[in-house]
Every structure is written in structure tokens, then in C-alpha cells.
1. Contour minus end-to-end for A45 and L20, with contour as 0.36 nm per residue of separation and end-to-end as the Cα-Cα distance?
2. For the residues M40, M49, M82, M122, what sequence is obtained by ranking on other C-beta atoms within 10 Å, fewest first?
3. For region 38-138, run through the GluC sites (Glu not before Pro) and keep only the ones in DSSP coil with at most 12 other Cβ atoms within 10 Å of their Cβ.
4. Just the Cα atoms of region 14-152, one point each, no solvent: what log10 I(q)/I(0) does Debye give at q = 0.09, 0.18 Å⁻¹?
5. Just to verify a number: FRET efficiency for I29 and E138, C-beta to C-beta distance, R0 = 35 Å, to 0.05?
6. Sort S34, S118 by Cβ crowding within 10 Å, fewest neighbours at the top.
7. Rank these for me by crowding, S76, S135, going from fewest to most other beta carbons within 10 Å.
8. Taking +1 at the Cβ of each Lys and Arg and -1 at the Cβ of each Asp and Glu, which of F74, I124, S142 sits farthest along the dipole of region 14-152 towards its positive end, judged by Cα position relative to the Cα centre?
Amino acid sequence: MGEIRRTDGQRYDYISHIPLDGQLNESTIRFDESSKMYVMIRREAGDKMGKLAIANPPYVDDLTWQLRGANLLFLSENHLFMGSRFNQKEGAKTGLFITDLQGVVSNTIALPSGRDNSYPRMVIRDGKLIVAYYSSHEGKSSIYLAKIPSALLQAKGD
């Protein structure tokens, strides 16, 4: 994985290399108000645990779960809201995670899901988190919409 710059819309310049192993796959990138960059990275090899890369300075923090179809939003100046497929004893679920800015989970919400599932896409509107995702727990893959009330969007200890 590396950092690239596009200057003319056609040519890309390689700027730096981010030393990550594990056959990197999908990623979601967000910037906070101070231009610090947060990247959730899916890995397909090694221990397959997701990575949270935070630029400025560039470093990475290991997450404690594998990422599949990851996404993230800023919940507050101190918390992220992450969504991804994650493994449970009963199988894979689409999960929502409230974390600090280093990716330490303080609250987890498992959405109704199973079998092939993931790719939560999220927006906060009118004090609710609205999440669209797909799952095949009821048979054929379908798209689901979940509305999470603001009372559940708190980090434990807040």
C-alpha cells in the first residue's frame, strides 16, 4: 500500500510506501476537521485482522477483527463509527462498532445478518444512524435498511 498523487488526471506519482502485509484489499478513507486521515483497511492474508491507518504522522494500529466491506464515520471529535462484517460464534454478522480514534472498540451492535453479508453504508440524519447493508440470512441476498436510535450511538463510559 502506498500514497500516490494525481497531478493531471492521467498520471499518478508514487509518494511513499506504507509497510503493511497481508494482501491488502478494500479500504475506506475519511478526514477529520484538522485534515488527519483515517483509513480502515481489509486484509486477505496472514492473520486477516483489519488495520486502522492514521496519517499525520503515518502509522497503523491493528484492529481486533477482520474487515470485510468496511466503512467509517466520525461520531464525535473523540469517536469513530465503524461498520464491517465480523465473525461471531454463530457465524459472520454485519456489525457496527463505536471506537476511539485508535480503533479501540467501546460498543458493538450486530445487525440482523448472516451467511454472505457486509458492506454497511452509513449516514447520520436527525439523530439516527441509517445503515444500508446486504445479507443472505433469509435466503437470497437482499438489501436491508437499519435505523439506529441516538441512544445506542454512545460509547460505553460516555
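1. So the extension gain works out to 7.9 nm.
2. Arranged by neighbour count, lowest to highest, M40, M49, M82, M122 become M49, M122, M40, M82.
3. E77, E90, E138
4. Calculated log10 I(q)/I(0) at the listed q: -0.26, -1.03.
5. Given R0 = 35 Å and the Cβ-Cβ separation, E is 0.60.
6. Arranged by neighbour count, lowest to highest, S34, S118 become S34, S118.
7. Ordered from fewest to most neighbouring Cβ atoms within 10 Å, S76, S135 come out as S76, S135.
8. Going by the Cα projections, it comes out as S142.
We did not get these values from a lab; they are worked out from the coordinates using the rules stated. In this text, all values refer to a predicted model and were calculated from it rather than measured experimentally. We place every Cβ from the backbone using ideal geometry, glycine too, and count neighbours over all the protein chains shown.
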